[in-house]
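First the structure, in the form of structure tokens, and then the observations on it.
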Amino acid sequence: MRTIYQNAEVYRTDKKSFGRYELAVENGIITALDEKLEAEAGDEVVNLNGYTLIPGLVDVHVHLRVPGNPEKETIETGTRAAARGGYTTICPMPNLKPAPDSSENLAVQEALIKQEAVVKVLPYGCITLGQKGRGELIDFASIKDRVFAFSDDGRGVQGAEEMREAMEECAKLGKAVVAHCEVEDLIEGGYIHKGAYCEAHHHKGICSESEWLQVARDIELSRQTGCQYHICHISTKESVALLRQAKAEGLRVTGETAPHYLLLTDMDLEEDGRFKMNPPIRSKADQEALIKGIMDGTIDCLATDHAPHTAEEKGKGLAGSNMGIVGLETAFPLMYTNFVKTGQMTLEHLIELMANKPRELFGLEGGVAVGECADFTVLDLEASYNIDPETFLSKGRATPFTDWAVQGKTILTLVNGKVAYQDESFNK
Ligand SMILES: [Zn+2]
């Protein structure tokens, strides 16, 4: 059966612009896209009430916690949260139990994804056995066709030789290495940015070098090996400068940052676990460099680093709480409200950062165009509300954005033409 979606402002990926279009979806594929489509007998017609239709968002950096810790999040709750956030594809990091470091261990995660996922879930494979950030490397070839890319996220790969070998292997296999950059020897028990707030409140700080020294090392290794290399959750101005330089040299290096690094500085911290994540929220100068990096294309895309924990794990203040905040249900409205509505960024640019670029960098399907899978999101950009963690579909509730006033609400999320999320206000 064919479904025709009409009465929406549609972002066409093939034109990279908005217009008034109608879409036809058949067997999960967008089969027609034009200013006016003639409905035939048997077609279902859906009136989108003048809402905005955009390509499904892609988050290349999330944590879904299973196998291992279903009390924090499951594939079901994590993917429902993603669909509510407008995401149709998400890529979970491998800090799991068991970690996806072999065909057998990856199969455990794959079985859960198959049973529970309501959006597309493309898992990462580990770089090191047990995702330890050191020691023996995994057999990359054995799982290469079943993973999105390789990462030890949650940890940096500590040894340069291990990272070089991993990049050599991945270059041969045509897979990207996606790196959480953190020199463990420089952390010294730190848990927030080593800056003004940290000093004033007598906390232990995480220096910026702990991130950018490894970024610099890995860019050099990417140059030597030719491996596609993507930097996770960039938080420091030095990392932005290194990435800009690498791109100027034409290296296969890209990077992401997350909304919390763009919207907060260490002076916004409160003595509350919902302000704690790794890497930490940095200084004003870092924030400004990240925004510049997003605006000039140095930083390629936005990810959330959605990292749910239980209320108990997040209830122990800055020093005692686990690292990580949730982000899938707040990323789009936060960026839309604080960058698009303020006139700093066009909506087209935000779609580039959250939907087009991740697909381009990693060769993923999707986009609003004829012949693509019907993965798209319908938004009410006029809807205003305050962020209320109690309404989250994620099991995680810790966000520094509680009570922030935002605009932009997901009405409908379709994955392969099937409803993955539908707002209660919308009766299609
Ligand atoms: Zn990380």
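The values are calculated or read from the model by the stated rules, or taken from the named source; none is laboratory data. Here the structure is a predicted model, which is why all the values come from computation and not from measurement. In this analysis, Cβ positions are derived from the backbone assuming ideal geometry, glycine residues included, and neighbour counts consider all displayed protein chains. Please note that ligands, DNA and RNA were not included when accessible areas were found on the heavy atoms of the full protein model with its side chains. Shrake-Rupley method; radii C 1.70, N 1.55, O 1.52, S 1.80 Å.
Would you mind stating whether T236 is open to solvent by less than 10 Å² (accessible area, probe 1.4 Å) and either out of contact with any His (no Cβ under 8 Å at 6 or more places or on another chain) or at pLDDT 95 or above (or both)? In short, yes. If only residues of the stretch 197-214 that are in contact (Cβ under 8 Å) with a residue 60 or more places away in the chain and surrounded by fewer than 17 Cβ atoms within 10 Å (Cβ to Cβ) are counted, the one that is farthest from L269 (Cα to Cα) is K204.
The residue that is surrounded by the fewest Cβ atoms within 10 Å (Cβ to Cβ), among those in the stretch 334-346 that are free of Cβ contacts under 8 Å to residues at least 40 places away in the same chain and assigned to a loop (DSSP other than H, G, I, E, B), is G343.
Looking at the stretch 96-140, which of its residues are of a type in the set (S, T, Y) and touching a helix residue (DSSP H, G or I) at 6+ places or on another chain (Cβ under 6 Å)? S103 - this is the single residue of the stretch 96-140 that is of a type in the set (S, T, Y) and touching a helix residue (DSSP H, G or I) at 6+ places or on another chain (Cβ under 6 Å). Given the structure, is A258 in contact with a Phe, Trp or Tyr (Cβ under 9 Å, 6 or more places away or on another chain), within 28 Å of K144 (Cβ to Cβ) and open to solvent by less than 10 Å² (accessible area, probe 1.4 Å)? No; evaluated as a whole, the condition is false for this residue.
Residue by residue, here is whether (1) farther than 23 Å from T310 by Cβ; (2) charged (D, E, K, R); (3) over 18 Å from the mean Cα position of the chain (by Cα) holds:
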{"residue": "G78", "(1), (2), (3)": "no, no, no"}
{"residue": "A81", "(1), (2), (3)": "no, no, no"}
{"residue": "I90", "(1), (2), (3)": "no, no, no"}
{"residue": "M93", "(1), (2), (3)": "no, no, no"}
{"residue": "S102", "(1), (2), (3)": "yes, no, yes"}
{"residue": "K114", "(1), (2), (3)": "yes, yes, yes"}
{"residue": "P123", "(1), (2), (3)": "no, no, no"}
{"residue": "L137", "(1), (2), (3)": "yes, no, yes"}
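The criterion of at least 3 residues that are in contact with a Ser or Thr (Cβ under 7 Å, 6 or more places away or on another chain), surrounded by fewer than 22 Cβ atoms within 10 Å (Cβ to Cβ) and not small (G, A, S) is met by none of the strands (runs of 3 or more DSSP E) wholly inside the stretch 347-428. If you go through the stretch 168-190 and pick out every residue that is touching a residue at least 40 places away in the same chain (Cβ under 8 Å) and within 14 Å of the ligand (Cβ to nearest atom), you end up with 7.
If I filter the stretch 58-65 for residues that are closer than 23 Å to S17 by Cα and under 17 Å from the mean Cα position of the chain (by Cα), do I get at least one hit? Within the stretch 58-65, one or more residues are closer than 23 Å to S17 by Cα and under 17 Å from the mean Cα position of the chain (by Cα).
Can you report the number of residues in the stretch 20-45 which are within 16 Å of V415 (Cα to Cα) and not in a loop (DSSP other than H, G, I, E, B)?
Number of matching residues: 7.
Here the stretch 318-330 is the region considered, the condition is being surrounded by fewer than 24 Cβ atoms within 10 Å (Cβ to Cβ) and among the hydrophobic types (A, V, I, L, M, F, W, C), and the residue that is nearest to the ligand (Cβ to nearest atom) is M323. Look at (1) within 16 Å of the ligand (Cβ to nearest atom); (2) outside any loop (DSSP other than H, G, I, E, B) and you find that E165 fails only one, number (1). In the stretch 122-135, the residues that are farther than 15 Å from V60 by Cα reach residues that are hydroxyl-bearing (S, T, Y) and not in a loop (DSSP other than H, G, I, E, B) with C-beta atoms within less than 9 angstrom, at least six apart or across chains, in these pairs: R134/T128; G135/T128. With the condition kept exactly as written, say whether any residue in the stretch 112-120 is within 16 Å of the ligand (Cβ to nearest atom), over 25 Å from G363 (Cβ atoms) and open to solvent by 40 Å² or more (accessible area, probe 1.4 Å). No: the stretch 112-120 contains no residue that is within 16 Å of the ligand (Cβ to nearest atom), over 25 Å from G363 (Cβ atoms) and open to solvent by 40 Å² or more (accessible area, probe 1.4 Å).
Which residues, counting only those in the stretch 72-110, are over 25 Å from G133 (Cα atoms) and in a loop (DSSP other than H, G, I, E, B)? Hits for the stretch 72-110 are G85, G86.
Let me confirm something: among V66, V45, which residue is of a type outside the set (G, A, S), in contact with a Leu (Cβ under 6 Å, 6 or more places away or on another chain) and free of Cβ contacts under 8 Å to residues at least 60 places away in the same chain? Steps first, answer last, please.
Details: V45 fails: in contact with a Leu (Cβ under 6 Å, 6 or more places away or on another chain).
Just one listed residue meets the conditions, V66.
Only one entry in V178, V183 is open to solvent by less than 10 Å² (accessible area, probe 1.4 Å) and either modelled with pLDDT of 95 or more or not aliphatic (A, V, I, L, M) (or both), namely V178. Against the conditions (1) within 16 Å of the ligand (Cβ to nearest atom); (2) open to solvent by 10 Å² or more (accessible area, probe 1.4 Å); (3) on the phi < 0 side of the Ramachandran plot; (4) not hydroxyl-bearing (S, T, Y), where does E71 fall short? Just the number, please. The one condition E71 does not meet is (1). Name the pairs whose Cβ atoms lie under 7 Å apart, with the first residue in the stretch 89-102 and at negative phi and open to solvent by 30 Å² or more (accessible area, probe 1.4 Å), the second part of a loop (DSSP other than H, G, I, E, B) and among the hydrophobic types (A, V, I, L, M, F, W, C), and 6 or more positions between them or separate chains? From residues that are at negative phi and open to solvent by 30 Å² or more (accessible area, probe 1.4 Å), the pairs are S102/I138.
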